[in-house]
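Heads up: the structure comes next, in structure tokens.
The values are calculated or read from the model by the stated rules, or taken from the named source; none is laboratory data. Here the structure is a predicted model, which is why all the values come from computation and not from measurement. Glycine gets a Cβ as well: all are built from the backbone with ideal geometry, and neighbour counts include every protein chain shown. Surface accessibility is based on the protein's heavy atoms, side chains included, excluding ligands, DNA and RNA. Shrake-Rupley method; radii C 1.70, N 1.55, O 1.52, S 1.80 Å.
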Amino acid sequence: MRDIITIPLNNEESLIIASDNSGGIGMKEHDLVRVSYETVAYYSFRVAAMECIAAGGELVSVVLHNFCGDASWSKLVNGIQKGLDELNLKDIPITGSTESNFNLEQSAVGLVVIGKKSLDKKTDKIFSKNLKLAVIGMPLVGNEVIDLAHEVVPLSTFQEVSKLEDILIWPVGSKGILTELNQMFPTKEFSKEMICTELDIVKSSGPATCFIIAFEQCQEETLKRLTAEYFHSIDVK
């Protein structure tokens, strides 16, 4: 299952709620990864937005939980806005709260993305031998996300792929590609030995630096054209 909650609103649409957290990443003295708060918020937004979009949601709001201090709020909002701009989304409201009574020794951020989904929009597939698989982007974590930023698949590319018909799209999180494959197809059990690809399928993908797609053979050239150097084939034995 995806890391989202679906709440039916009526007979036509439902709410999609996705979230992401980060801790020890930011500009405080004791943070384990030192990056700007714009970067922290951008990647947290990225994870939650990708989960929402993959589940068929269209973003309508973002909620920010800030434990980094009052001075960081505008920088965090700027990071979220950067992600919204990549998705070409305008006038999406951003709200939230800051812990200002106590000063934490490490940075912490929580982020919630809310979207709406039409109930007739399908976002699943049954695994078959005719289905093809690929990973778009590379699994990266920690400082790799900054040092190898050119390997992180852009949000705009994810959005373009998500608009294609008859494709299953699935962000890869901290548990890695193999775990996500088994989440994508709950009736099929994949082992490490069954998967052939140039990527490390058990490595963390941190803030969803890559995603998996399942597609039909006839769609492969279109996908390669859209994703270019980010495309990595997966073969299943």
Task: Enumeration of residues in region 27-58 that are within 30 Å of I7 (Cα to Cα) and among the charged types (D, E, K, R) - done: R46, E51, E58
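Does T123 satisfy being at pLDDT 95 or above, out of contact with any His (no Cβ under 7 Å at 6 or more places or on another chain) and open to solvent by 30 Å² or more (accessible area, probe 1.4 Å)?
Here the answer is no, as T123 does not meet what is asked.
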Task: Candidates E198, E180, filtered to the one that is in contact with a His (Cβ under 9 Å, 6 or more places away or on another chain) and open to solvent by 20 Å² or more (accessible area, probe 1.4 Å) - done: E198
TODO: Give the number of residues within region 163-183 that are of a type outside the set (D, E, K, R), in contact (Cβ under 8 Å) with a residue 40 or more places away in the chain and not in a helix (DSSP H, G or I).
DONE: 8
Open item on the list: So, in region 184-237, how many residues would count as being in contact (Cβ under 8 Å) with a residue 40 or more places away in the chain, farther than 18 Å from Q159 by Cα and charged (D, E, K, R)?
Closed with: 7
TODO: Considering only region 201-219, state which residues are exposed (fewer than 15 other Cβ atoms within 10 Å of the Cβ) and either part of a strand (DSSP E or B) or modelled with pLDDT of 95 or more (or both).
DONE: V202
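If you take the residues of region 140-162 that are in contact (Cβ under 8 Å) with a residue 24 or more places away in the chain and outside any helix (DSSP H, G or I), which of them is farthest from A55 (Cα to Cα)?
Just the residues of region 140-162 that are in contact (Cβ under 8 Å) with a residue 24 or more places away in the chain, to begin with: 140-146, 151-162.
Adding the requirement that they be outside any helix (DSSP H, G or I) leaves 140-143, 152-154.
Numbers: L140: 23, V141: 24, G142: 26, N143: 29, V152: 21, V153: 18, P154: 18 Å.
Restricting to residues being in contact (Cβ under 8 Å) with a residue 24 or more places away in the chain and outside any helix (DSSP H, G or I), the top hit is N143.
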TODO: Would you check which residues across region 69-128 are touching a Gly at 6+ places or on another chain (Cβ under 7 Å) and within 15 Å of F45 (Cβ to Cβ) and list them?
DONE: G115
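Within region 98-120, restricting attention to residues that are among the hydroxyl-bearing types (S, T, Y) and in a loop (DSSP other than H, G, I, E, B), which residue is surrounded by the fewest Cβ atoms within 10 Å (Cβ to Cβ)? Talk me through it step by step, then tell me what you get.
The initial filter retains those residues of region 98-120 that are among the hydroxyl-bearing types (S, T, Y), namely 98, 100, 107, 118.
This time we only want the ones that are in a loop (DSSP other than H, G, I, E, B), so: 100, 107.
Working: S100: 11, S107: 26.
Among those that are among the hydroxyl-bearing types (S, T, Y) and in a loop (DSSP other than H, G, I, E, B), it is S100.
Filter region 220-237 down to residues that are among the charged types (D, E, K, R) and open to solvent by 30 Å² or more (accessible area, probe 1.4 Å) and give me whichever is modelled with the lowest pLDDT. Steps first, please.
First, pick out the residues of region 220-237 that are among the charged types (D, E, K, R): 220-221, 224-225, 229, 235, 237.
Retained after the next criterion (residues that are open to solvent by 30 Å² or more (accessible area, probe 1.4 Å)): 221, 224-225, 229, 235, 237.
Working: E221: 95, K224: 96, R225: 96, E229: 95, D235: 94, K237: 88.
Among them, the one singled out is K237.
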Task: Odd one out for V62 among (1) among the β-branched types (V, I, T); (2) assigned to a strand (DSSP E or B); (3) surrounded by fewer than 20 Cβ atoms within 10 Å (Cβ to Cβ) - done: (3)
- [ ] Go over the candidates T39, T95 one by one and state the one that is in a strand (DSSP E or B) and either touching a helix residue (DSSP H, G or I) at 6+ places or on another chain (Cβ under 8 Å) or not small (G, A, S) (or both).
- [x] T95
